[in-house]
Amino acid sequence: MIEIPVHDLTGKQTGNLEVDAKSLGGELRPGLLKQAFVRYHANRRHGAAKTRNRSETAYSTRKLSRQKGTGNARRGPAGTNIMRGGGHGFAKRPHSWRQKMPIKMRRLANRNALLAKALDNEIKIVDGLNFDTPSTKQFATLLKNLKIDRSCLIALEDTRTNEARSAANLDRVRLTQISRLNVYDLLNHRYLLTEKGAFEAYLARTTVEEIG
């Protein structure tokens with residue numbers, strides 16, 4: 001079992017949340033994490049880059065000057081790749097960079113990223129994360145009380161609440177729904193901040209048998 005500290009809004013530890021390591025993959029799997037991270041990054045690429053080759057340039061194929069006798073370079077048509085505005089010698093073509101990954105592997109990778117965070121004490125759980133009104137200053141104070149001095153991923157059940165609005169303008173902070181946690185965001189931020197109830201519900205959604 002892994003014990004993750006639970007804090008209140010003042011940063012004081014009020015208890016621990018016990019998480020079964022088996023539900024997070026049991027052990028760290030660096031190869032799986034790298035594969036999932038690279039896949040997510042690759043799938044964000046548009047792959048729409050395109051340049052013209054020589055056959056696509058709108059130039060005459062007439063030789064610009066005779067081969068000998070002018071004292072100039074032996075130039076061919078204006079559309080060659082050595083001429084300004086000519087076609088590219090190795091033109092870019094649209095390409096799909098998408099990578100496939102079974103859904104069970106994706107789920108396991110997400111859980112394994114949480115395991116890595118838990119082992120490094122980089123998960124900050126707050127019990128009773130509830131603001132009466134949106135307040136950026138109040139949320140900044142909360143981060144300071146929790147000793148979060150690096151980039152932070154804030155995962156909430158609902159991103160339209162006062163707490164979400166309070167965190168929206170903070171530097172080095174990314175807001176997301178806890179149901180949309182992924183390897184890319186988890187590994188790209190030093191800390192994960194979430195609410196106790198939302199985190200427990202997230203862990204209960206997928207059983208160990210479903211993630212392999």
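The values are calculated or read from the model by the stated rules, or taken from the named source; none is laboratory data. No experiment lies behind these values; they were computed from the predicted model shown. Here the Cβ positions follow ideal geometry from the backbone for every residue, glycine too, while neighbour counts run over all protein chains shown.
Being in a helix (DSSP H, G or I) and at pLDDT 60 or above is the filter here, so list the residues in the stretch 194-212 that pass it. Lay out the reasoning, then the answer.
First, pick out the residues of the stretch 194-212 that are in a helix (DSSP H, G or I): 196-205, 208-211.
Scanning the stretch 194-212 gives LYS196, GLY197, ALA198, PHE199, GLU200, ALA201, TYR202, LEU203, ALA204, ARG205.
Can you tell me which residue within the stretch 87-136, out of those that are among the hydrophobic types (A, V, I, L, M, F, W, C) and assigned to a loop (DSSP other than H, G, I, E, B), is nearest to ALA198 (Cα to Cα)? Looking at residues that are among the hydrophobic types (A, V, I, L, M, F, W, C) and assigned to a loop (DSSP other than H, G, I, E, B), I get LEU129. Residue-level analysis places ILE125 outside the set of residues that are crowded, with 21+ Cβ neighbours inside 10 Å, without any contact (Cβ under 8 Å) to a residue 60 or more places away in the chain and of a type in the set (A, V, I, L, M, F, W, C). Set side by side, the residues ARG150, ARG107, ARG111 differ, and just one is touching a Lys or Arg at 6+ places or on another chain (Cβ under 7 Å) and within 22 Å of PRO30 (Cβ to Cβ), which is ARG150. Tell me yes or no: at least one residue of the stretch 28-49 is modelled with pLDDT under 90, more than 30 Å from GLY15 (Cα to Cα), surrounded by 13 or more Cβ atoms within 10 Å (Cβ to Cβ) and among the hydroxyl-bearing types (Ser, Thr, Tyr). Scanning the stretch 28-49 turns up no residue that is modelled with pLDDT under 90, more than 30 Å from GLY15 (Cα to Cα), surrounded by 13 or more Cβ atoms within 10 Å (Cβ to Cβ) and among the hydroxyl-bearing types (Ser, Thr, Tyr).
Of the candidates GLY31, GLY47, the single residue that is touching a His at 6+ places or on another chain (Cβ under 7 Å) and closer than 30 Å to VAL183 by Cα is GLY47.
Scanning the stretch 59-74 for residues that are free of Cβ contacts under 8 Å to residues at least 12 places away in the same chain and closer than 23 Å to PHE90 by Cβ returns ALA73, ARG74.
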